[in-house]
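Report on one structure; see the data block that follows.
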Amino acid sequence: MSLDLKKAGLDKTKLPKHIAIIMDGNGRWAQKRGLPRYLGHQQGMRVLGKTVETVLAWQIPCLTVFAFSTENWNRPQDEIDYIMTQVVKQYDRYAPELLKKGIRVKVIGEQTNLNSEVKKVIDRIQALTKNNTQMTLVVAFNYGSKQELTAACRKAASLVQKNVLTIEDITPETIEQNLYTFDLPPVDLLIRTSGEMRLSNFLLWQLAYAEMYFTDTYWPDFSQKTLIEALKAYSQRKRRFGKIGDRNE
């Protein structure tokens, strides 16, 4: 499909500034085809590349994707090993392209229990792209929102303990400043694939006022057409942020 916004039937003024995607259904996509689960992740990587290309072309500033959750350690070990290996292998393939296209990569999540090779790749890609300004790609890897919020509260409590803050000084802004996403715009649109309708411990704070779009499409089948459908649905929503809308709405 075309990367032209008008041909896609989209209004640039009604696009979100920050999209978050729960890329769900890789394993089920593969199993339905009688394939090993890792091939679903392989196809999912290709789809992610195409999605990033589209988001960049449409000048949407920020895309956050849920790549690996803290709960995913409960998956089969061979599947986990494949994902970790791919993180390392894909660096050489994608790093030059990300740099050339001006995409900043930010990885959020707990790194302490990742192996040293994965940690090195995460550090390298963030350092390589830190000055890029065309778009920010946020990869939630070994991420859990409850864990993120717990850590943010602990940081605030530590400041109280050190007499830097009082309890009364702690505000929502205090918590936000201690989240992984402190330097990102609020999430405007959440997309979840595979027909599941839950947040799965993903960006619980950041999604407070986000619009949500659920599709039955498995992530490996996600296409520009599916993204357009989500963006059209978003553009028709009335975002009130707790305020009263027009009486006729």
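The values are calculated or read from the model by the stated rules, or taken from the named source; none is laboratory data. Just so you know, these numbers come straight off a predicted model, no measurement behind them. FYI the Cβ positions are ideal-geometry reconstructions off the backbone, even for glycines, and counts take in every protein chain you see.
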* Are any of the residues in the range 27-37 in contact with a Leu (Cβ under 9 Å, 6 or more places away or on another chain), basic (Lys, Arg), at pLDDT 95 or above and in a strand (DSSP E or B)? -> no
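Any idea which of LEU189, LEU179 is buried (at least 16 other Cβ atoms within 10 Å of the Cβ), in contact (Cβ under 8 Å) with a residue 60 or more places away in the chain and under 17 Å from the mean Cα position of the chain (by Cα)? Spell out the reasoning first.
Numbers: LEU179 fails: in contact (Cβ under 8 Å) with a residue 60 or more places away in the chain.
Just a single option satisfies the conditions, and that option is LEU189.
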* To do: Being free of Cβ contacts under 8 Å to residues at least 24 places away in the same chain, of a type in the set (Asp, Glu) and farther than 16 Å from THR51 by Cβ is the filter here, so list the residues in the range 192-239 that pass it.
  => ASP216
* Asked: Is it the case that the range 100-116 has a residue that's over 30 Å from GLU53 (Cβ atoms) and either assigned to a helix (DSSP H, G or I) or within 19 Å of the chain's Cα centre (by Cα) (or both)?
  -> yes
* Structure fact -> Picked from the range 192-226 (must be within 21 Å of TRP29 (Cα to Cα) and of a type in the set (D, E, K, R)), the residue surrounded by the most Cβ atoms within 10 Å (Cβ to Cβ) is ARG192
* Go over the candidates THR133, THR64 one by one and state the one that is loosely packed, with under 15 Cβ neighbours inside 10 Å and either over 14 Å from the mean Cα position of the chain (by Cα) or assigned to a strand (DSSP E or B) (or both). => THR133
